[in-house]
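Peer 1: Pasting a structure below so you can have a look.
The values are calculated or read from the model by the stated rules, or taken from the named source; none is laboratory data. All values derive from a computational prediction rather than experimental measurement. All Cβ positions, even for glycine, are placed from backbone atoms using ideal geometry, and neighbour counts span all protein chains on display. The accessibility values were calculated without ligands, DNA or RNA, using every heavy atom of the protein model including side chains. Shrake-Rupley method; radii C 1.70, N 1.55, O 1.52, S 1.80 Å.
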Amino acid sequence: MKIIVDDKIPYVKGQIEQLGTEVLYLSGSKISREDVRDADILLVRTRTHCNRELLEGSRVRFVVTATIGYDHLDTAYLAEAGIAWTNSPGCNATSVGQYVRNTLFLLERERGLKLREATLGIVGVGHVGSAVREACQPWVGNILLNDPPKGLPVTLSEIQQKCDIITFHTPLVTDGEWPTYHLAGEAFFQGLAKRPVVINAARGEVVDNVALEKALDEGRICEAVVDTWENEPRLSRALLNKVYIGTPHIAGYSADGKANASRMSLEAIAGWMVEHGCLEASPVFSVVPPAVPEGCVPTGDAVEDALRLYDPRQDSQRLKDTPDGFEQQRGNYPLRREQFR
């Protein structure tokens, strides 16, 4: 058997080889039809679009994405072609929680946001939204949860009327009863009762970037934090220059989250191989993130310690200094830790 692996997925090399198969590491955005023609399994990230164009005529039977999101997988085509697939739900949820919470700490320090008096609206309450709630609940005055498919009672209109901070954590859905494409569009911003902080760490197209920039220009929102962009990696430089924090789609890129995703992916591949008689039993995978850098020790101040582990301003300044380096910064991200231990 042959497995093709995105070479930016950490902690896989030296582990997947235990499966006793041929393994080929390639740049995810450059994996081609010719590459996959004789492959049996793909292990990818969001930069590999697994669709008819890539896979038709290949012998691929299983696609694994080491990510929560899977809008880069054409699931209808995969079903038609008899190709199984799986993602890594919840793998980096706590990492995104860390990103949002630490950004709120910075907004309180630098922009005067009073967290204890603020109402936080979370739009999308799956694995990630739930982790954001858990991370932020000890610090904010009130939290409203909006997720119609889950039957939560808070409407988007209530979020618009009552929230001082609105953060998006929905998947990208373009059809059906609850589409999320441009969920925060011109009408959304026009309907805001306060001047909230708006955060997008979901999918770029969930927030209309043109409407977001206009809302900033018109003062309908006080600050924007953007980790996921429309048309990335070709992001709007004008918008980048106006947001408080702008990062290259790395909110979920903690070492802990990446280790979770890699472990889940390896176990999924091994399980599939056992099920299909290609492997007798699954090996035990040792996927351990690196230690916290020496000298980075807790001080006892919870906010200060959180920001010592991860300060989003550093990633933001790096992207603002070199917008063309979006892919390079994302692909070579220095994975952070979520906790000191």
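Peer 1: Using Cα positions and a limit of under 19 Å, work out the lysines in reach of Lys8, with same-chain residues fewer than 8 apart set aside.
Peer 2: Lys30, Lys258
Peer 1: Sorted from largest down, give the three principal axis spans of the alpha carbons of the chain, whole angstrom values.
Peer 2: 58, 49, 39
Peer 1: What aspartates and glutamates could a cross-link reach from Lys13, if we take a straight Cα to Cα line under 16 Å and drop same-chain neighbours fewer than 8 places away?
Peer 2: Partners found: Glu22, Glu267.
Peer 1: Right, next: With springs only between Cα atoms under 10 Å, which of Glu230, Glu267, Glu17 fluctuates most in a Gaussian network model of the chain?
Peer 2: Glu17
Peer 1: To continue, here is another question. In the stretch 1-123, what percent of the accessible surface is made up of carbon and sulfur (1.4 Å probe, ligands and nucleic acids excluded)?
Peer 2: 45
Peer 1: What distance in nm separates the simple spin-label points at Glu218 and Val173, each placed 7 Å from Cα in the Cβ direction?
Peer 2: A separation of 2.7 nm, rounded to one decimal place.
Peer 1: May I pose another question? Can you tell me how the stretch 166-243 classifies by the Cα gyration tensor, rounded, prolate or oblate, using a/c under 1.5 as the rounded cut? Can you show the working numbers first?
Peer 2: Numbers: a/c = 1.83, a/b = 1.18, b/c = 1.54.
In terms of gyration-tensor shape, oblate.
Peer 1: What figure in square angstrom, to the nearest 10, would you give for the accessible area of Leu156 with a 1.4 Å probe?
Peer 2: Roll a 1.4 Å probe over it and Leu156 shows about 40 Å².
Peer 1: What is the distance in Å between the Cα centres of the stretch 1-67 and the stretch 210-261?
Peer 2: What the calculation gives is 29 Å, centre to centre.
Peer 1: Find how much the distance from Gln328 to Lys2 grows on full extension, using 0.36 nm per residue of separation minus their present alpha carbon separation; answer in nm with one decimal.
Peer 2: Working: separation 326, 0.36 × 326 = 117.36 nm, distance 2.75 nm.
Computed gain between Gln328 and Lys2 is 114.6 nm.
Peer 1: Now for a different question. Dividing the convex hull volume of the alpha carbon atoms of the stretch 33-159 by its residue count, what do you get in Å³ per residue? Walk me through the intermediate numbers first.
Peer 2: Details: hull volume 17.0 nm³, N = 127.
Convex hull of Cα atoms, per residue: 134 Å³.
Peer 1: As a test of the formula, what do you get for the chain when each DSSP H run with n ≥ 4 contributes -39,500 (n - 2.57) and the sum is divided by the residue count, at 222 nm and rounded to the nearest 500 deg cm²/dmol?
Peer 2: Working: 13 runs with 117 residues, N = 341.
Calculated mean residue ellipticity at 222 nm is -9500 deg cm²/dmol.
Peer 1: Starting from the coordinates of the alpha-carbon atoms of the stretch 244-297, obtain the Kirkwood hydrodynamic radius over all distinct pairs and give the value in Å to one decimal.
Peer 2: Details: mean 1/r = 0.0726 Å⁻¹.
The answer is 13.8 Å.
Peer 1: Between the stretch 90-108 and the stretch 130-183, how many Å separate their Cα centres?
Peer 2: 15
Peer 1: Can you give the local net charge around Leu42? Use residues other than it whose beta-carbon is closer than 15 angstrom to its beta-carbon, Lys and Arg +1, Asp and Glu -1. Mind showing how you got there, number by number?
Peer 2: Values: positive: Lys2, Lys8, Lys30, Arg33, Arg37, Arg45, Arg47, Arg52, Arg59, Arg61; negative: Asp6, Asp7, Glu22, Glu34, Asp35, Asp38, Asp40, Glu53, Glu56, Asp74.
My count for the surroundings of Leu42 gives 0.
Peer 1: Continuing with the same structure: Taking only Cα atoms and a 10 Å spring cutoff, compute GNM fluctuations for the chain and point out the largest among Pro148, Pro298, Pro312.
Peer 2: Pro298
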